[in-house]
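The values are calculated or read from the model by the stated rules, or taken from the named source; none is laboratory data. Owing to the predicted nature of the structure, the values given are computational and were not obtained by experimental measurement. Methodologically, a virtual Cβ is constructed for each residue, glycine included, from the backbone with ideal geometry; neighbour enumeration extends over all protein chains shown.
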Amino acid sequence: MITVATHSGNFHPDEVFAIATLQLYLGKENLEIIRTRDDSVIKEAVWVVDVGGVYDAVNNRFDHHQLGAPVRENGLPYSAFGLVWKHYGEFVAGTTEAAESVERQLVLPIDAGDNGVNLYTLNDMQLAPAELFSVVSSYRPVWGSDESWDDAFMKAVAFAYDLLVRNIDQAKAALKQKEFVQSVYEQALNKSIIELPMSVNRNAFVEYGDVKVIVYPSASDEGERWKAEVIPKKYNSFENRVLFPLNWGGLRDEELAKVSGLSSAIFCHKACYLFAAWDREDVLKAAEYALQYESFDVEFDEVRVGEVV
C-alpha cells in the first residue's frame, strides 16, 4: 500500500480534494490514508499533503503553509489541492484542456478560499453563494455526536472523488460539444437560426456573434417535442441577443397557442428566452418571431431560475 499522510483533526476542501486527486492518479485501492500530526509518521509517508511544511514534488511533498510557499503569476496562492493538481491534473483529466477546465471550476476557487482570498462581494440582500467549503464542512462530525473525524474525512473524500470524476467527464464532453458546435455552425446556411439534431447548451454559441436562436428536438414522456432557445450576449448571462415576444412569457398550451398563433405551442419561459412546441415548424416560426425582438438590455434579475421544461 502507498501511504499518504495529511493532518488530523478538522479538515477543509483543499486536502480533501488533494487526496481525491491522488486516488484518481494512483488508484484509491492502492492508498492508505493516514491522518496525523506526528512528524515521525509524516516523514515516513510516501506522499504528504497539506502538512509537513515542505513543497517538493519530486519527493511527493505538497504543503503550502510554510514561508515561501508557491504563488501563481496572478498572485493567487496555491493550496494543497492546487499543488497536486498542478503536477497531476492533466494526467487525471486526460487532456490539457480538461485539466484547465477543472482548474477554473474547482481548483482556483478552493485555493482562493483556503488562502483567505475573497472571490465575491455581497449583494444588496447580503447573500453569499453556496460554496464547496460549506459542502465539505457538512461532512464534519455533528456537534455532540461520537462520529470519528477520520471516518467523516473519508466520507468527504468520497464526495470529492465523485465530484472530480463528474467535472472531468463534463469537461471532456464540453470539448466534444465545442467541436460539434463549430462543425454545425460552419455548415449552416442560415447563421441566425441554427437547427441541431440534439440539445446543446446555448452558451456554446456565445462566441458566434451572428447566431441568435438554436432549435433542436427534445424527448419527453409524452413524445418528441421541439425547443428554441435564444443565445445570451455573454456566457451564463440572462441578457440575450433576441427574445421571444414578451406577451408570450410564462404562458402554456392553449393560452400560448392563442396568443402566438402557433397551434402546437407548449411553453414559453417567463424571461422569453425558451420556447417549446410539439411541431418543428412551429418552433422554427417562433425563432423567426424572436429575430424581430432584439434584447433591450433586460437582465430579468427576478427570474434567475433553472431552465425549465
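Restricting attention to region 206-245, the residues that are of a type in the set (Phe, Trp, Tyr), touching a Lys or Arg at 6+ places or on another chain (Cβ under 9 Å) and either farther than 28 Å from residue 263 by Cα or modelled with pLDDT under 95 (or both) total 2. Would you say residue 166 is under 20 Å from residue 268 (Cβ atoms) and of a type outside the set (Ser, Thr, Tyr)? The answer is no for residue 166. Scanning region 71-92 for residues that are out of contact with any Ser or Thr (no Cβ under 8 Å at 6 or more places or on another chain) and either over 18 Å from residue 47 (Cα atoms) or not assigned by TED's automatic domain parsing to the domain that holds residue 37 (or both) yields 71, 72, 73, 74, 75, 76, 77. Determine whether region 201-217 contains at least one residue that is crowded, with 17+ Cβ neighbours inside 10 Å, among the aromatic types (Phe, Trp, Tyr) and farther than 18 Å from residue 177 by Cα. No, because not a single residue in region 201-217 is crowded, with 17+ Cβ neighbours inside 10 Å, among the aromatic types (Phe, Trp, Tyr) and farther than 18 Å from residue 177 by Cα. Scanning region 1-40 for residues that are farther than 22 Å from residue 115 by Cα, assigned to a loop (DSSP other than H, G, I, E, B) and out of contact with any helix residue (DSSP H, G or I) (no Cβ under 7 Å at 6 or more places or on another chain) yields 27, 38.
When 257, 204 are screened for being in contact with a strand residue (DSSP E or B) (Cβ under 7 Å, 6 or more places away or on another chain) and farther than 15 Å from residue 290 by Cβ, only 257 passes.
Residues are listed down the side, and each one gets a yes or a no for (1) touching a strand residue (DSSP E or B) at 6+ places or on another chain (Cβ under 9 Å); (2) surrounded by fewer than 17 Cβ atoms within 10 Å (Cβ to Cβ); (3) without any contact (Cβ under 8 Å) to a residue 24 or more places away in the chain; (4) under 25 Å from residue 168 (Cα atoms):
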residue	(1), (2), (3), (4)
2	yes, yes, no, yes
15	yes, no, no, yes
24	no, no, no, yes
47	yes, no, no, yes
50	yes, no, no, yes
65	no, yes, yes, no
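Contact annotation: residue pairs with Cβ atoms under 8 Å, 6 or more positions apart or on different chains, pairing a residue in region 230-247 that is at positive phi with a partner that is surrounded by fewer than 21 Cβ atoms within 10 Å (Cβ to Cβ), are 236/203.
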